[in-house]
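Below: one structure, written as structure tokens.
A short reminder: the numbers here are calculations on the coordinates, not readings from a lab. Here the structure is a predicted model, which means the values were calculated and not measured. Positions of Cβ are generated from backbone atoms using ideal geometry, with glycine treated the same way; all protein chains shown enter the neighbour counts.
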Amino acid sequence: MNVALERTGIRNESSLDRAIRLILAGVFFLLAFFWLGGIGQVVFYALAAVMLITAIVGFCPLYKILGISTLRAGAKPLSKIGLTVALLVLVLILAAGSYASDFFSRKFFLDDFNQMNNYYKQTLFLTGQQDRAKAVENYERLIVEYAAFQAKYSSYHPYAIRGDTQFNSDLQQVQAMISGVADQVHSGDLSQAHVALEQVRPVFQDIFKRNNFSLLAVALVDFHDAMELILDAANAKEAEQVVALYPEISAKLQVVEAEANDAEIQTIRQNLDSLLKLAQNGTSDELPAKAGELKSSFVKVYLTRG
């Protein structure tokens, strides 16, 4: 095809021009596939196709319309070796770009989630502490941050969640949960608001699990839900129930420890194991105090890293 175009004088792109177009085709494709959604994605897929086709044939219709050419008089057509090298460069760009885009698009998604989730955690904690003034302050920030998070990721899905057909409906469900407690947070029953907001965490936990995120946050949430059972038993001074629940809670904490096992998480383990020993020794009166220490050590980690 290149030879035929050369003979008819149709070709109007230099070898360098065609090489640049191949590179741009790879870049535009990566942007469309990993980083864009909606109409922007369609536009960049189209641009990638145009760059690829014009690079292969060596002819740009726009150049023809404008009456310009980057092909120098007497320039030799791109050799098979040159074309092969250019294609190899394109493959390299696609391979390296795909790996980097997958990593960073996932990272930026988690960064955005954590920014929003910090206000959720604080609102949840403060409603549980009956601190209305601070709860309202954080709740108002949560409304703003979640609206931005939902607006961005309803139309754009990072590659890590590209196949999750339930994702958008989950975002809508969470939005309804958050907005639904406005009256309770501002002037109503904070305990009811706290209980209602608790239902948000399992939704995001399920999103992360469905999309194979291996995160400390997911493990902490999983542990928390089980830990509440043993805390209830300890506060009720039910030693036998504490002993019965321990294996399940310990197994979930092991998942957390597999993600990170620093001093703060080791403190959670120490408090959990101490709770078991108290129950095994029959010192039921000391269970509530140790349960409080266990919960405090968990909250310290969860508020900063959950």
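Points worth noting:
- Relative contact order computed over the chain (Cα-Cα under 8 Å; 6+ residues apart), in percent: 14 percent
- Members of K152/K295; K134/K290; K134/K300; K277/K300 lying beyond 25 Å, as alpha-carbon distances in this model show: K152/K295; K134/K290
- Nearest 10 degrees, 0 to 90: helix 287-305 Cα axis against the chain principal axis: 20 degrees
- Cβ-Cβ FRET estimate between L215 and L66, R0 fixed at 41 Å, reported to 0.05: 0.20
- Pair A176, D111: separation of 7 Å Cα→Cβ label points (nm): 3.3 nm
- Expressed per residue, the C-alpha convex hull volume of the stretch 28-171 stands at 144 Å³.
- Loop-located trypsin sites (Lys or Arg not before Pro) in the stretch 140-232 (DSSP state not H, G, I, E or B) with no more than 16 neighbouring Cβ atoms inside 10 Å: R162.
- The C-alpha atoms of the chain define a longest principal axis, and helix 200-210 lies at about 50 degrees to it.
- Whole-Hz ³J(HN,Hα) from phi, Karplus 6.51 cos²θ - 1.76 cosθ + 1.60, for the stretch 28-35, glycine and proline x: 5, 5, 5, 4, 5, 6, 9, 10
- Relative pair counts by distance (%), Cα atoms of the stretch 108-305, 5 Å bins: 1, 7, 15, 17, 17, 16, 13, 8, 4, 2, 0, 0
- Paramagnetic reach from D206 in the stretch 166-190 [backbone N under 20 Å; point 7 Å along Cα→Cβ]: 166-181
- Label-point gap, in nm, between Y159 and K134 - each point 7 angstrom along Cα→Cβ: 4.1 nm
- Going from the fewest other Cβ atoms within 10 Å to the most, the residues Y153, Y120, Y139 appear in the order Y153, Y120, Y139.
- Burial ranking of peptide ranges 173-182, 280-289 (average Cβ count within 10 Å, highest at the top): 173-182, 280-289
- Between 0 and 90 degrees, the angle of helix 263-280 with respect to the longest Cα principal axis of the chain falls at about 30 degrees.
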